[in-house]
1. Please determine whether any residue of segment 27-49 is at pLDDT 75 or above, acidic (Asp, Glu) and out of contact with any His (no Cβ under 8 Å at 6 or more places or on another chain).
2. Between a residue in segment 83-100 that is of a type in the set (Gly, Ala, Ser) and any residue that is exposed (fewer than 14 other Cβ atoms within 10 Å of the Cβ), which pairs come within a Cβ distance under 7 Å, given they are 6 or more apart or on different chains?
3. Just for segment 61-110: of the residues that are small (Gly, Ala, Ser) and in a strand (DSSP E or B), which one is nearest to residue 124 (Cα to Cα)?
4. Looking only at residues in segment 93-107 that are farther than 16 Å from residue 62 by Cβ and touching a strand residue (DSSP E or B) at 6+ places or on another chain (Cβ under 8 Å), which one is surrounded by the most Cβ atoms within 10 Å (Cβ to Cβ)?
5. Cβ contacts < 7 Å: first residue under 17 Å from residue 57 (Cβ atoms), restricted to segment 108-137; second residue in a loop (DSSP other than H, G, I, E, B) and of a type in the set (D, E, K, R), any location; separation 6+ or different chain. Result?
6. Out of everything in segment 58-79 that is touching a Phe, Trp or Tyr at 6+ places or on another chain (Cβ under 9 Å) and loosely packed, with under 15 Cβ neighbours inside 10 Å, what residue ends up being farthest from residue 132 (Cα to Cα)?
7. Do the conditions hold for residue 122, that is, is it surrounded by 13 or more Cβ atoms within 10 Å (Cβ to Cβ) and of a type in the set (Lys, Arg)?
Amino acid sequence: MSRNQGSQTTREAAGQTPDPFGGLAKLGNLPAGPGDPQDCAAVIPVKTSQRGLKKTDRGRVDIVRQTAHRGGKGVTVARNFTGIGLAEKQDLAKKMQKACGVGGTVKDGCIEIQGDKRDEMKRILTEAGFKPVFAGG
């Protein structure tokens, strides 16, 4: 048995618990503490970092319904994305395709969804932080 284990069992048998601050009372020249916790107002830290939060103002996106050069079939096109990469456009297109139950693609920086699905596209773009606007006729 080591020396520390023997002294610990002796203290427990005597009913004493070790006091880590017991030696501080002997010093006497210590500065006063902050006071009672009840006197201090609760300090709530202000969060200034935007890291990890969704960006809610990502710019205006135009939603247009087109039929030209498609054999009379209509498509809904979202265009004028600013500050967004191709990978994120493809993710948005995939979400729109699943929500609308139709096909679609990303062409020339625009998201094209088959059919007239303007309302569904507006909802998804709003959730992603964009400001969708119905443009054109």
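1. No: zero hits.
2. These pairs meet every condition: 83/59; 93/105.
3. Of everything passing the filter in segment 61-110, 78 is nearest to residue 124 (Cα to Cα).
4. Top of the filtered list is 104.
5. Between residues of segment 108-137 that are under 17 Å from residue 57 (Cβ atoms) and residues that are in a loop (DSSP other than H, G, I, E, B) and of a type in the set (D, E, K, R), the close pairs are 129/54; 129/55; 129/57; 129/58; 130/58.
6. My answer is 59.
7. Yes; evaluated as a whole, the condition is true for this residue.
The values are calculated or read from the model by the stated rules, or taken from the named source; none is laboratory data. This is a predicted model, so every value here is computed, not measured. Cβ sites come from the backbone with ideal geometry, for glycine too, and all protein chains shown count toward neighbours.
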